[in-house]
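Have a look at the structure below, then the notes.
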Amino acid sequence: MSNLRAWLAEKSSEERELFLSEVPRLWLEGGQVKKLCRLLTDFDFIEAKINHPKFGVQALIEDYDLIDDTEFLTYSEYDAQTVKALRLIQGALRLSAHILNEDTKQLGGQLSGRLLHFDAPEIQGLLQQISQTKITWLRPLTASLTPPGGALVRTLTGHSHSVNAVAVTPDCKYVISASSDKTLKVWDLQSGKEKFTLNGHSYSVNAVTVSTDSKYVISGSFDGTLKVWYLQFGEEKFTFKNHDNSVNAVTVTRDGKNVISGSLDGTLKLWNLDGKQSYLLSKNSAIKAITLTTDGNSLITYSEDKNLNVIDLTQSQKPLFRKTLFRRFDVVFSLILVKLFVFLKFIDETFLSIFLYMLFHHYFTLSLVGLFLYLIGKIILLFIESSEVISLTVTTDGKRIVTGCKDKSIKIWNIKNKKQIFTLRGHSESVTAVAITLNGKYLVSASEDKTLKVWNLETEKECFTLTGHSASVNTLAVTPDDKWIISGSDDKTIKVWDLENRKEIFNFRGHNKSISTVTVTPCGKQVVSTSLDKTLQVWNLESGEIIASFTGESEIKCCAVASDGVTIVAGEESGRLHFLRLKGIEAKP
């Protein structure tokens, strides 16, 4: 480890700020290239800069831009391999920026997870420094995060729902995103920082475009309106309200004077950007997408009836041609057939949506084959669905298996003769998780009915019910001393229950989406939780504090803790496995 941390600690706040701000540039100007390169691979410097309130991640990333200075190439100390390593470190920081902006304590874990498989001495030296840090953190044992140097450069986070459309300003300075959370956000493309949020739509924002002079943002929404916004000020200029249904597509004419919108009401409309007039270009089937040709003279539309239309904006408002993507008779016949099955409850709405997708993408034969196979499968499932297993565990004596089922029951099986011993009933929805106390006397179950139940395995009776979660309980665990039950729910909380007193004693809040897994370390002092918010968190069970976090790249669905109490394996929806070591906690021998 370097002694920079101790040296900075001895300085005044003004001296620390001056060093972090000016020294990299001054060293470059003074030709001290080797010192600059060592500084940019010093973990103490990296950590100090991102944690300083006046700098942060983006300021640190910009320090690495100094190696692209034309003067840098002229110095005798210039080394191409060192520069390559510095660019990789910068890339790792940029890939992790959206996480580090929220939690700088994940710096070591993010850099390790992205740089582990690079052999450059500068990178290996940095990783060695990281491994020696004294804080409690989750250290990746493998390079399980996206490495720098690939297609992904940066992730922008901030919307609370799906992003439906994006646009880039003609000057390439800003990105505008439109979301189902009813907002638009304007982002600085260089720094990745959110400039501001545009609020005003009452429903999902489906489409966005930018005027040719980069002055205005135009958005279309499910609320049936178009809004024009001042990009510079982040304020609404005016609203167009002449559509009768969702606005699905917007574009700006090449002269920058007009906006064209396509709506679910089947109309194409042309609007003056001054807000004074609108013109009906055509009315047909619901519009899904529109685009202009490069010369701006023709508009191409794609509608729900699977037609492509080309409209000559210079001469006529009638379509120049129409391309039908499949026969109308096929659609009508298939829709009537499927709706009949839905009415008779042979198929559900989920399958209907998949069927319609295939049908409307001209996979007619394949869609009917899929319908046939689905119905055959449905008939088979009628015989087995009632006993579908969602969760299971083994009793402590290893003689019985306990299964939680979709039919709301819990079944206990004899492992040796493979026969069912008895069934427990009491939940009103599917049983999502089951666990056995270490003494083997009690079974704890969790359910979509928002409750946990404790059962006596000897009497085969329910002991009591624990209520408090406001949504489905997805996962549970019992502490090694059998005193506490830990549960995780769709309500984003983790609750700790006293088994003897039958009451809630703690309520942990740290995740911002559903909890997928909770498990207890062998020592019984920590709880490890995973969530659909892509994070894994380690909690101090007594204080309720988060002592370490790790953010993956998709929803983390499961995790397990090894017998040493510090090695954790987490599985993502993407298929990635993260092997993590909890540093700062003594491993169990």
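The values are calculated or read from the model by the stated rules, or taken from the named source; none is laboratory data. Note that the structure is predicted; figures quoted are calculated from it, not measured. Counting neighbours? That spans all protein chains shown, and the Cβs are built from the backbone with ideal geometry, glycine included. Ligands, DNA and RNA are stripped out before the accessible areas are found, and what is left, the full protein with its side chains, is counted by its heavy atoms. Shrake-Rupley method; radii C 1.70, N 1.55, O 1.52, S 1.80 Å.
Kindly evaluate Leu107 against the criterion of being part of a strand (DSSP E or B) and open to solvent by less than 30 Å² (accessible area, probe 1.4 Å).
Details: part of a strand (DSSP E or B): no; open to solvent by less than 30 Å² (accessible area, probe 1.4 Å): yes.
Considered against the rule, which asks whether it is part of a strand (DSSP E or B) and open to solvent by less than 30 Å² (accessible area, probe 1.4 Å), Leu107 comes out as no.
Kindly evaluate Asp481 against the criterion of being in a loop (DSSP other than H, G, I, E, B), at pLDDT 95 or above, over 33 Å from the mean Cα position of the chain (by Cα) and closer than 26 Å to Pro522 by Cα.
yes
Could you list, in sequence order, all residues of the stretch 556-589 that are closer than 20 Å to Ser489 by Cβ, in contact (Cβ under 8 Å) with a residue 40 or more places away in the chain and of a type outside the set (A, V, I, L, M)?
If the condition is that a residue be closer than 20 Å to Ser489 by Cβ, in contact (Cβ under 8 Å) with a residue 40 or more places away in the chain and of a type outside the set (A, V, I, L, M), then Lys557, Cys558, Cys559 are the ones that fit.
Could you name every one of the strands (runs of 3 or more DSSP E) located completely within the stretch 546-589 that has at least 1 residues being open to solvent by 70 Å² or more (accessible area, probe 1.4 Å) and of a type in the set (Phe, Trp, Tyr)?
577-583
If you scan the stretch 236-264, which residues turn out to be within 18 Å of Ser202 (Cα to Cα) and of a type in the set (D, E, K, R)?
Matches in the stretch 236-264: Glu236, Lys237, Lys241, Asp244.
Collect the residues in the stretch 181-236 that are closer than 23 Å to Asn101 by Cβ and of a type in the set (Ser, Thr, Tyr), keeping them in residue-number order.
Thr183, Ser191, Thr197
Any idea how many residues of the stretch 12-58 are open to solvent by 60 Å² or more (accessible area, probe 1.4 Å) and part of a loop (DSSP other than H, G, I, E, B)?
Here the count works out to 3.
Can you find a residue that is among the hydrophobic types (A, V, I, L, M, F, W, C), touching a strand residue (DSSP E or B) at 6+ places or on another chain (Cβ under 9 Å), closer than 30 Å to Thr535 by Cβ and open to solvent by 40 Å² or more (accessible area, probe 1.4 Å) anywhere in the stretch 382-391? Write out each step before concluding.
Filtering the stretch 382-391 down to residues among the hydrophobic types (A, V, I, L, M, F, W, C) leaves 382-384, 389-390.
Imposing the further condition that a residue be touching a strand residue (DSSP E or B) at 6+ places or on another chain (Cβ under 9 Å) reduces the set to 389-390.
When the remaining residues are screened for being closer than 30 Å to Thr535 by Cβ, the result is 389-390.
Among the residues that remain, those that are also open to solvent by 40 Å² or more (accessible area, probe 1.4 Å) are: 389-390.
Looking for residues that are among the hydrophobic types (A, V, I, L, M, F, W, C), touching a strand residue (DSSP E or B) at 6+ places or on another chain (Cβ under 9 Å), closer than 30 Å to Thr535 by Cβ and open to solvent by 40 Å² or more (accessible area, probe 1.4 Å), one finds at least one in the stretch 382-391, hence yes.
Across the stretch 68-91, which residue is surrounded by the most Cβ atoms within 10 Å (Cβ to Cβ) among those that are over 32 Å from the mean Cα position of the chain (by Cα) and at pLDDT 85 or above?
Among those residues, the one meeting the criterion is Thr82.
Pick out the one residue from Ala165, Ala143, Ala178 that is hydrophobic (A, V, I, L, M, F, W, C) and closer than 18 Å to Arg94 by Cα.
The match here is Ala143.
When you scan the stretch 128-153, how many residues do you find that are out of contact with any strand residue (DSSP E or B) (no Cβ under 8 Å at 6 or more places or on another chain) and surrounded by fewer than 17 Cβ atoms within 10 Å (Cβ to Cβ)?
Number of matching residues: 9.
Of the conditions (1) farther than 20 Å from Thr136 by Cα; (2) among the polar types (S, T, N, Q); (3) surrounded by 15 or more Cβ atoms within 10 Å (Cβ to Cβ), Ser96 satisfies every one except a single condition; which number is it?
So Ser96 meets the others, but not (1).
So if I check each of Gln128, Gln132, which one is modelled with pLDDT under 95 and over 27 Å from the mean Cα position of the chain (by Cα)?
Gln132
In the stretch 113-147, what count of residues is obtained for those that are in a helix (DSSP H, G or I), within 19 Å of Phe579 (Cα to Cα) and among the β-branched types (Val, Ile, Thr)?
Total satisfying the criteria: 1.
Pairs, please: C-beta under 6 Å, at least 6 apart or cross-chain, first residue under 16 Å from Asn206 (Cα atoms) and in the stretch 159-181, second among the basic types (Lys, Arg) and part of a strand (DSSP E or B)?
Qualifying pairs under 6 Å: Ser177/Lys185.
Return the residues of the stretch 1-29 that are out of contact with any Leu (no Cβ under 9 Å at 6 or more places or on another chain) and closer than 17 Å to Leu73 by Cβ; say none if nothing qualifies.
Across the stretch 1-29, the qualifying residue is only Glu29.
Quick one: how many residues across the stretch 255-273 are over 18 Å from Ala286 (Cα atoms) and either open to solvent by 10 Å² or more (accessible area, probe 1.4 Å) or part of a loop (DSSP other than H, G, I, E, B) (or both)?
Matching residues across the stretch 255-273 total 6.
If you go through the stretch 280-301, how many residues are farther than 25 Å from Ser214 by Cβ and either at pLDDT below 85 or of a type in the set (Gly, Ala, Ser) (or both)?
Matching residues across the stretch 280-301 total 7.
Just checking, which of Phe222, Phe238 is surrounded by 15 or more Cβ atoms within 10 Å (Cβ to Cβ), hydrophobic (A, V, I, L, M, F, W, C), touching a residue at least 24 places away in the same chain (Cβ under 8 Å) and out of contact with any Leu (no Cβ under 6 Å at 6 or more places or on another chain)?
Working: Phe238 fails: surrounded by 15 or more Cβ atoms within 10 Å (Cβ to Cβ).
Unique residue meeting the criteria: Phe222.
Could you list all residues from the stretch 488-539 that are assigned to a loop (DSSP other than H, G, I, E, B), polar (S, T, N, Q) and either closer than 14 Å to Glu555 by Cα or open to solvent by 20 Å² or more (accessible area, probe 1.4 Å) (or both)?
Answer for the stretch 488-539, where residues must be assigned to a loop (DSSP other than H, G, I, E, B), polar (S, T, N, Q) and either closer than 14 Å to Glu555 by Cα or open to solvent by 20 Å² or more (accessible area, probe 1.4 Å) (or both): Asn501, Asn512, Ser514.
Any idea which of (1) in a strand (DSSP E or B); (2) under 22 Å from the mean Cα position of the chain (by Cα); (3) not acidic (Asp, Glu) is the one Gly150 doesn't satisfy?
Condition (1) is where Gly150 drops out.
Please state which one of Gly510, Gly488, Gly524 is in contact with a Ser or Thr (Cβ under 9 Å, 6 or more places away or on another chain), over 18 Å from Ala560 (Cβ atoms) and touching a residue at least 24 places away in the same chain (Cβ under 8 Å).
Just one listed residue meets the conditions, Gly510.
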